[in-house]
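These notes concern the structure reproduced below.
The values are calculated or read from the model by the stated rules, or taken from the named source; none is laboratory data. Everything quoted here is computed from the prediction, not taken from an experiment. Neighbour counts run over all protein chains shown; Cβ positions are idealised from the backbone, glycine included. Heads up: the accessible areas ignore ligands, DNA and RNA and are worked out on the full protein's heavy atoms, side chains in. Shrake-Rupley method; radii C 1.70, N 1.55, O 1.52, S 1.80 Å.
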Amino acid sequence: MEQILPHFAEGKVVKGFGRGSKELGIPTANFPENVVENLPKDLPGGVYYGWANVDNGEVLKMVLSIGWNPYYHNTKKSMETHVIHTFKEDFYGSTLKVIMLGYIRPMRDFSSLDELIGAINDDIQEAKEKLDLPENASYKQNNFLFDEIKEDV
Ligand code: ADP
Ligand code: RBF
Ligand code: MG
């Protein structure tokens, strides 16, 4: 993992599967297909933590999932970011940048939606703690997050 992380990704936020993650209190901003395809081939699916910003704005903690969402039996690989922040408005079409710094766990199936939500809340707690460690906190100032947004992604 050390060779693959940190992984830097940016792309325009697209509509996801519309399952109402937002209603569950855990909205996830979905990356477009091209960003998912550009992930390193040897990057394991699962849950990651790191930093994110929207349109080069405030840098915020995030958790991100990569995979086929076993709970929903997806056939398409997705890459979804939950930014640990309450936004006033949706930001579809905006540019989301993420720096993935650490791996939390593989994706798994759950026997109920409540268990899935419980697991994600545990991920959020772990991300908050890990991101306060000096080696992770330093990435909050990384130039990538403030560099000019590439209009072709
Ligand atoms: P979709 O299926 O379209 O991805 P979601 O219910 O997962 O729908 O909601 C995701 C959308 O909610 C994002 O694209 C973004 O515009 C908005 N949003 C609001 N707050 C957040 C947040 N804290 N993290 C991620 N997305 C958020
Ligand atoms: N989906 C799964 O099927 N299994 C998982 O273990 C799982 N873990 C997730 C962890 C995080 C931090 C996030 C943001 C999403 C995760 N998902 C997982 C994806 C989830 O199914 C998807 O966001 C749904 O749309 C939530 O309703
Ligand atoms: Mg989503």
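Rg and Dmax, both from the Cα atoms of the chain and both in Å, are 14.5, 44. Taking a Cβ cut-off of under 12 Å around ALA137, the surrounding Lys, Arg, Asp and Glu residues balance to a net charge of +1, with basic ones at +1 and acidic ones at -1. Coupling constants for the range 84-90 follow from the phi torsions by the Karplus curve (6.51 cos²θ - 1.76 cosθ + 1.60, θ = phi - 60°), and in residue order they are 7, 5, 9, 8, 6, 9, 5 Hz; glycine and proline get x. With a Förster radius of 22 Å, plug the Cβ-Cβ distance of ILE4 and SER138 into 1/(1 + (r/R0)^6) and report the FRET value to the nearest 0.05. Working from the Cβ atoms, E equals 0.75. What's the center-to-center distance, using Cα atoms, between the range 1-35 and the range 88-112 in Å? When both Cα centres are located, 5 Å separates them. Loop-located trypsin sites (Lys or Arg not before Pro) in the range 40-83 (DSSP state not H, G, I, E or B) with no more than 12 neighbouring Cβ atoms inside 10 Å: LYS41, LYS76. The candidates LYS88, LYS97, arranged from most to least accessible area with a 1.4 Å probe in the full protein assembly, appear as LYS88, LYS97. Largest accessible area first, the residues LEU43, LEU113 order themselves as LEU113, LEU43 under a 1.4 Å probe with ligands, DNA and RNA left out.
Cross-link partners of LYS22 among lysines, defined as those whose alpha carbon lies under 24 angstrom from its own and excluding same-chain residues fewer than eight positions apart: LYS12, LYS61, LYS76, LYS77, LYS88, LYS97, LYS128. Here the label points at LYS150 and LEU43, each 7 Å from Cα along the C-beta direction, are separated by 1.2 nm in the simple model. How much of the accessible area of the range 7-141, probe 1.4 Å, is carbon plus sulfur, in whole percent? About 51 percent, which is the carbon plus sulfur part of the accessible surface.
Put simply, when 121-127, 45-51 are sorted by average Cβ atoms within 10 angstrom per residue, most first, you get 45-51, 121-127.
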